[in-house]
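Novice: Pasting a structure here, questions to come.
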Amino acid sequence: MPFLFAPPPMPVIPVEGERYEFFPVHRVYCVARNYRAHAEENGAAAPEAPFFFMKAADMVRPVAEKETIKIAVPPETEAFEHEVELVAALSKGGRNLTREEAEDAVWGWCAGIDFTRRDLVREAAGKGRPWTFGKNFEGSAPVTHVRPKTRVPYPEPVDLWLYVNNQKRQSGNTDEMLFDPFDLIAELSRFVTLAPGDLVFTGTPGGAGNVRAGDRIRAGVNGVGSLNVEIV
Ligand code: MN
């Protein structure tokens, strides 16, 4: 093969309960401020339209149901924060999707954590700069294995929650989203051609907060999955 060096491995998420099925991750889109409580805790109003940022596909870390993954505190931050989220996994793409086409594009769902260097996001936002380094760093997107939509209660309202050292830090319900996942996918597809393998992090409820080395996080979305993370 005429590659200059070995091509990077394809990031994948195992399918829950299937030993040999994997969801290949193409791109990772995340919505900002999709729950009023989280917008307000960051001193922002609820947005009139959703807006997005991205993480690289290889920032995704799949975590099995009984596993505890270790994630290191990233460099250059004094405010390393957790955000539990419902994550849509797309097996179809396209442009200008209708809401119905967006529903059809979702293959399944994960629970995930959008880890954030909040101080870098705030500094960038204040200076009108991109959020990239606040959001995109190694291990910044741990997710459960992906569960097919036929085995998930969503879009019925489901609770999402996050504990740090057995203390509840975040709890909310997907019915508190300002824009639901299908509206987010349709909106994204106005700006980019979505593709199979794309993930969409759908935002976090209130209570995003700081973690440090030694903390143990347990987070999940009811009916979708839960994950354990040890901060090192
Ligand atoms: Mn988020």
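No value in this document is a laboratory result; all are computed from the given coordinates. Since we're looking at a predicted model, the values are computed, not measured. Note that each Cβ is placed from the backbone with ideal geometry, even for glycine, and that neighbours are counted across all protein chains shown.
Novice: Ratio to report: Rg/Rh of region 88-139, with Cα atoms as the point set and Rh obtained by the Kirkwood method; give two decimals.
Specialist: 1.16
Novice: Quick one: dipole size for the chain, taken about the Cα centre, charges +1 on Lys/Arg Cβ and -1 on Asp/Glu Cβ, in debye to the nearest 20.
Specialist: In debye, rounded to 20, the chain gives about 460.
Novice: If a/c stays under 1.5 just call it rounded; otherwise compare a/b with b/c (prolate if a/b is bigger, oblate if not). Do that for region 39-119, with a ≥ b ≥ c from the square roots of the Cα gyration tensor eigenvalues.
Specialist: Because a/c hits 1.5 or more and a/b fails to exceed b/c, region 39-119 counts as oblate.
Novice: Whose amide H sits under 5 Å from the amide H of Ile13, counting only residues 5 or more places off or on another chain, with H placed in the peptide plane?
Specialist: Correct list: Phe23, Val25.
Novice: Is the shape of the chain best called rounded, prolate or oblate, per the rule: a/c under 1.5 gives rounded, else a/b larger than b/c gives prolate, else oblate, with a ≥ b ≥ c the square roots of the Cα gyration tensor eigenvalues?
Specialist: Rounded shape, in that the Cα axes give a/c under 1.5.
Novice: Quick one: 3J(HN,Hα) in Hz for region 6-17, Karplus 6.51/-1.76/1.60 with θ = phi - 60°, rounded, Gly and Pro as x.
Specialist: Values, residue by residue: 4, x, x, x, 6, x, 9, 10, x, 7, 4, x Hz.
Novice: From the backbone phi of region 127-140, what are the Karplus-calculated ³J(HN,Hα) couplings (6.51 cos²θ - 1.76 cosθ + 1.60, θ = phi - 60°) in whole Hz, Gly and Pro given as x?
Specialist: Result, rounded to whole Hz: 9, x, 9, x, 7, 3, 6, x, 10, 10, 7, 4, x, 7.
Novice: How large is the Kirkwood hydrodynamic radius of region 139-185, in angstrom, based on all distinct alpha carbon pairs?
Specialist: Evaluated over region 139-185, this radius sits at 12.9 Å.
Novice: Can you classify region 120-203 as rounded, prolate or oblate using the Cα gyration tensor, where a ≥ b ≥ c are the square roots of its eigenvalues, rounded means a/c under 1.5, and otherwise it's prolate if a/b beats b/c and oblate if not?
Specialist: Verdict is oblate for region 120-203.
Novice: Across bins of 10 angstrom width beginning at 0, how are the C-alpha pair distances of region 62-163 distributed, in whole percent?
Specialist: Reading the bins upward from 0: 13, 35, 32, 19, 1.
Novice: Report ³J(HN,Hα) in whole Hz for each residue of region 39-50, in order, from the Karplus equation J = 6.51 cos²θ - 1.76 cosθ + 1.60 where θ = phi - 60°; Gly and Pro get x.
Specialist: My calculation for region 39-50 gives 4, 5, 5, 9, x, 10, 7, 5, x, 6, 9, x Hz in order.
Novice: Provide the percentage of antiparallel DSSP beta bridges, counting only those with both residues in the chain; round to the nearest 5.
Specialist: Of the beta bridges lying entirely in the chain, close to 80 percent run antiparallel.
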